[in-house]
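Visitor: Sharing a structure, written as structure tokens. Questions coming.
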Ligand SMILES: [Zn+2]
């Protein structure tokens, strides 16, 4: 990100996506600040911090499988646990392979519990300053994921006070 041209926005969605990926990579470099990059890209109104219980996260990371033949990605972990309140059920079904991939599944050699925990530690360490920055500015929405995408998506929309057009259509039908 050099030169002033790159600060002329708005960007196309694709350009913005590319820039965000760039920003993520920049974060790996300790001399660059993700916050500086993000703040240079656009006006940020709200940052959503998607949070999943660490035990569920680790189980899902350890459940990842790839088909050695077609390269398909699957997840054999089935998360079915009580939420932090002891009442709510947290359910994330496995993403099982079709029968013809079943016998060809492999696990990434670095998907071990120690490596996953270390990845999470680095994630928390690097994301904490970003969270703190937006929390101080009252722009951070903490969102505890209640399960997989089907369970989480409606609740996230609710938290944001927006409604899915599809929901409205089906509600009207
Ligand atoms: Zn396959």
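Visitor: Considering only residues that are within 16 Å of the ligand (Cβ to nearest atom) and more than 16 Å from residue 58 (Cα to Cα), look in the range 85-99 and name the one that is nearest to the chain's Cα centre (by Cα).
Guide: Of everything passing the filter in the range 85-99, 96 is nearest to the chain's Cα centre (by Cα).
Visitor: Another question, if that's okay. Inside the range 120-151, can you point out the residues that are part of a helix (DSSP H, G or I) and under 15 Å from residue 52 (Cα atoms)?
Guide: 120, 121, 123, 124, 127, 149, 150, 151
Visitor: Related question: Please verify whether the range 116-127 includes one or more residues that are modelled with pLDDT under 90, within 26 Å of residue 39 (Cβ to Cβ) and surrounded by 14 or more Cβ atoms within 10 Å (Cβ to Cβ).
Guide: Yes, the range 116-127 has at least one match.
Visitor: Quick check on residue 87: is it in contact with a helix residue (DSSP H, G or I) (Cβ under 7 Å, 6 or more places away or on another chain) and not in a helix (DSSP H, G or I)?
Guide: Answer is no for this residue.
Visitor: Here's another thing I want to ask about it. Tell me whether the range 41-51 contains one or more residues that are at pLDDT 90 or above, assigned to a loop (DSSP other than H, G, I, E, B), more than 17 Å from the chain's Cα centre (by Cα) and surrounded by 13 or more Cβ atoms within 10 Å (Cβ to Cβ).
Guide: No.
Visitor: Among the residues of the range 74-84, how many are more than 16 Å from the ligand (Cβ to nearest atom) and either assigned to a strand (DSSP E or B) or under 15 Å from residue 152 (Cα atoms) (or both)?
Guide: Adding up the residues that qualify gives 5.
Visitor: Among the residues of the range 100-111, is there at least one that is part of a helix (DSSP H, G or I), within 16 Å of the ligand (Cβ to nearest atom), farther than 30 Å from residue 38 by Cβ and out of contact with any strand residue (DSSP E or B) (no Cβ under 8 Å at 6 or more places or on another chain)?
Guide: Taking every residue of the range 100-111 in turn, at least one turns out to be part of a helix (DSSP H, G or I), within 16 Å of the ligand (Cβ to nearest atom), farther than 30 Å from residue 38 by Cβ and out of contact with any strand residue (DSSP E or B) (no Cβ under 8 Å at 6 or more places or on another chain).
Visitor: Additional query: Go through the range 120-135 and report how many residues are in contact with a helix residue (DSSP H, G or I) (Cβ under 8 Å, 6 or more places away or on another chain) and over 23 Å from residue 46 (Cα atoms).
Guide: 1
Visitor: In addition: Search the range 54-73 for residues being over 17 Å from the mean Cα position of the chain (by Cα) and either buried (at least 17 other Cβ atoms within 10 Å of the Cβ) or part of a strand (DSSP E or B) (or both), and hand back the single one that is nearest to the ligand (Cβ to nearest atom).
Guide: Checked the range 54-73; the qualifying residue nearest to the ligand (Cβ to nearest atom) is 67.
The values are calculated or read from the model by the stated rules, or taken from the named source; none is laboratory data. Nothing here was measured: the structure is a model prediction, and the numbers come from that model. Positions of Cβ are backbone-derived with ideal geometry, glycine not excepted, and every protein chain shown enters the neighbour counts.
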